[in-house]
Amino acid sequence: MIFTPKNCEKILRGEKTMTRRIVKSPFQVGDDIWIEKAGYASALDDEGKCPPIAAVIRFPDSFKPGYRIRYEVGKTYAIQPGRGKKAVGRILIMAIRKEWLHDITEEDARAEGVADWNAFVNLWFDLYGLDAKKGWDANPMVWRITFAAVTGIKIRP
């Protein structure tokens, strides 16, 4: 798993035990999807709207399911201080959960290796700026990955 060199050091010291990775959507703006059947409730919801009650959605033949994560609980992965860099250690994936970025808690922020929630928000801005899909204001869906550094493993030179 690729991290910044600074975060690799935090992982090896046990100061970082969580990371968030943006969920890659199977859809792009402009993709064609078709709603074949839809129905509407006969009563209004709390906002005074008539919500849909069912829809059958058909996707183009070229559709490939997304929302897949490349990591699995119980497996170990190399800690890399950048793409193509040599591993400096290994982590064991303990848990994976999908959530909105804004669902991060104070405790999660500390597990991310920063001092508090505000520091995490600043870190996210440093990484993604005002990106319309990935930035803090976009509140993207993320994979919340909890891990532990694995000790006692020799990394080949």
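Data table
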{"item": "Flagged links, alpha-carbon separation over 20 Å, of 98/133; 16/133; 10/133; 10/134; 10/86; 10/98", "result": "16/133; 10/133; 10/134; 10/98"}
{"item": "Neighbourhood net charge (12 Å Cβ-Cβ; Lys/Arg +1, Asp/Glu -1) for residue 10", "result": "+1"}
{"item": "Peptide ranges 95-103, 110-118, 141-149 listed from the most packed, as the mean C-beta count within 10 angstrom indicates", "result": "141-149, 110-118, 95-103"}
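Readers should treat all values here as calculations from the given coordinates under stated rules, not as data from a laboratory. The structure displayed is predicted, hence computed values, not measured ones. No Cβ is skipped: glycine too gets one built from the backbone with ideal geometry, and neighbour counts run over all protein chains shown.
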